[in-house]
Amino acid sequence: MKRDYTIDIHHLTRVEGHANISITVREGQLIEARWTVVETPRFFEVMLKGMSAERVPFLTSRICGICSISHALASIRALERAMDIRPPAVAEKTRLLAMHGETLQSHALHLFFLAAPDFAGTASILPLMESHPDIVRAGLQLKELGNEISRVTTGRCTHPVSLVVGGLSKAPDKAALAALQKMIRERKPLLETACAFFRSLAIPDFSRETEFISLSNSTSYPSIGGCLISSDGIKRDENEYLLMTNEYTKEFSTSKFTRLSRETSAAGALARFNNSSAFLHPEALKAAESLGLRPVCHNPFMNNIAQLVECVHILEDAELLIDSLLDMELSAVKTPWKAQAGSATGAVEAPRGILYHHLETDAEGRVVRADCIIPTTQNNANINLDLKAVAEWALEKGKNDREIEKLCEMVVRSYDPCISCSVH
Amino acid sequence: MERIIISLVTGSLVTLPKYPVCVECKAALNTCLFELGEICLGPITRAGCHAVCTTGKTPCLGCRGPAEEINMEAFLHLVGERELSRSDLQEKLAFYNAFDAFTP
């Protein structure tokens, strides 16, 4: 077995965006392991300067092609809090449903298309179409369902149309909501197929203690707004987002790093599960139990499983939300508002973790200053340290260079990083 | 997407519509956003999007660029006679950098 080698993955595949993994081993000892983001920053915060509030969500949603609803809603929430605007209840429910649609399609994309090939021992999803056609079909149909929830609630599956400051520009159509409800009920059993598949996979038995950060509210599983909590016992107001993130730069990465109580921390499905599992739907808790996921879980590979558990929760909660929307009068969906000077943070649980937009407006409602802190940015330091820990753990277990390379790729993919978002 | 696949199957050239978003918006039986007091770039923007934004009651921002033959003068007159906000117009025209060549 080789005792001196360098692993240089340039760029890592099956993640969103461009980043590299480099590992150096000498005499069987790990010398260095590094996560290097190389994608060019896009300067969205500067583009936002001077823009009127009405237009902001249409620009921020373009930060990402996967979590565009989260970006739109984070900036809408920041502007509504800054200018003291209360959206009507119908809009709030529709927005929650839209978030569910986005998270479902994002998790389905990651679980089936990006992560599953690793566990099944294939290089992509294509060989799985031969060996596991039912799983590939389930993945496609769940992704389609997530897209459809997003389309019915926001007018388009990617880059929402009807999410605006003050509420919605247009109410969802009741007939379309009823059809969506039917589609959810028909496709829910696909998640059982998915759970059975993921139960059959060997998840590496690795763990490294870290701090989990997520949104929290006292009534439900986190989605839009709330206070900021960490598994190390920190609790802060939404506007204190800078104290939760403490961004800093690394000379080797175009994406920033963050820290809180420890050297690194994690955001995302596993963080939400660890901090708020009590608010999951009983069916989701049952799925978690059957998949061996219990809080507090420090195995980063289990983020995949936490995403699957969230999919179960989402479909149960979406059914309830649609039922209540069908019972409501869907006419008044937007609160009239007047521009005013102010500043506030809008935090939402995007599929990959807490997303913060902080916006300051002038008296005309134009953006004076914008700051966006992305979930993947909050995971960079954790990914970097996990690479070291996984490589050392694998070396101790006598794994060879090929096995270490694969484990390192897998641990990064488990975070479902969106590198393009992180260099907004 | 459907249009592109049909073109590929029939071996014809993939082309974009020459007409503006208004054509698709009218076909979708939407109320004109100008009637609701909004500036919408639909009259000068190339169609092909099935008027997805205006169907969602949000004004067109011109993401597909100008339609084949646009009448910018008439469009500006439309905005002027309704006394709609000049700065709103400028912000919308600049959103996708699509109308620099036509902006007065």
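The values are calculated or read from the model by the stated rules, or taken from the named source; none is laboratory data. Bear in mind that the values here come from a model prediction, so they are computed numbers and not experimental data. Positions of Cβ are generated from backbone atoms using ideal geometry, with glycine treated the same way; all protein chains shown enter the neighbour counts. Surface areas here come from the heavy atoms of the whole protein model, side chains and all, with no ligands, DNA or RNA. Shrake-Rupley method; radii C 1.70, N 1.55, O 1.52, S 1.80 Å.
Just a few scattered comments:
- Within the range B:1-43, being in a helix (DSSP H, G or I) and open to solvent by 100 Å² or more (accessible area, probe 1.4 Å) holds for B:Glu2, B:Leu8, B:Val9, B:Lys26.
- Counting only helices (runs of 4 or more DSSP H) wholly contained in the range A:125-187, the ones carrying 1 or more residues that are within 14 Å of chain B (Cβ to nearest Cβ), within 23 Å of the chain's Cα centre (by Cα) and of a type in the set (D, E, K, R) occupy A:133-154.
- Residues within the range A:51-62 that are more than 9 Å from chain B (Cβ to nearest Cβ) and surrounded by fewer than 22 Cβ atoms within 10 Å (Cβ to Cβ), tallied: 1
Yes or no, residue by residue, for (1) closer than 27 Å to A:Pro222 by Cβ; (2) assigned to a loop (DSSP other than H, G, I, E, B); (3) open to solvent by 10 Å² or more (accessible area, probe 1.4 Å):
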| position | (1), (2), (3) |
| --- | --- |
| A:His357 | yes, no, no |
| A:Asp371 | yes, no, yes |
| A:Asn382 | yes, no, no |
| A:Ala391 | no, no, no |
| A:Lys406 | no, no, yes |
| A:Met410 | yes, no, yes |
| A:Arg413 | yes, no, no |
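- Subset of the range A:193-221 that is open to solvent by 10 Å² or more (accessible area, probe 1.4 Å) and in contact with a strand residue (DSSP E or B) (Cβ under 8 Å, 6 or more places away or on another chain) - its residue that is modelled with the highest pLDDT: A:Ser216
- Test: residue in the range A:225-241 that is touching a residue at least 12 places away in the same chain (Cβ under 8 Å), over 19 Å from the mean Cα position of the chain (by Cα) and either assigned to a helix (DSSP H, G or I) or closer than 24 Å to A:Ala116 by Cβ (or both): yes
- Test: residue in the range B:59-69 that is among the aliphatic types (A, V, I, L, M), under 29 Å from A:Thr154 (Cβ atoms) and either over 11 Å from the mean Cα position of the chain (by Cα) or not in a loop (DSSP other than H, G, I, E, B) (or both): no
- When A:Thr361 is tested against (1) within 26 Å of the chain's Cα centre (by Cα); (2) open to solvent by less than 10 Å² (accessible area, probe 1.4 Å), just one condition goes unmet, and that condition is (1).
- Between A:Ser223, A:Ser200, the distinction of being hydroxyl-bearing (Ser, Thr, Tyr) and under 30 Å from A:Thr245 (Cβ atoms) belongs to A:Ser223 only.
- Residue check, A:Ser75 within 30 Å of A:Gly166 (Cα to Cα), polar (S, T, N, Q) and within 14 Å of chain B (Cβ to nearest Cβ): no
- Within the range B:23-44, residues that are touching a residue at least 24 places away in the same chain (Cβ under 8 Å) reach partners that are in a loop (DSSP other than H, G, I, E, B) and hydroxyl-bearing (Ser, Thr, Tyr) with beta carbons closer than 8 Å, at six or more positions or on different chains, in the pairs B:Ile39/B:Ser85.
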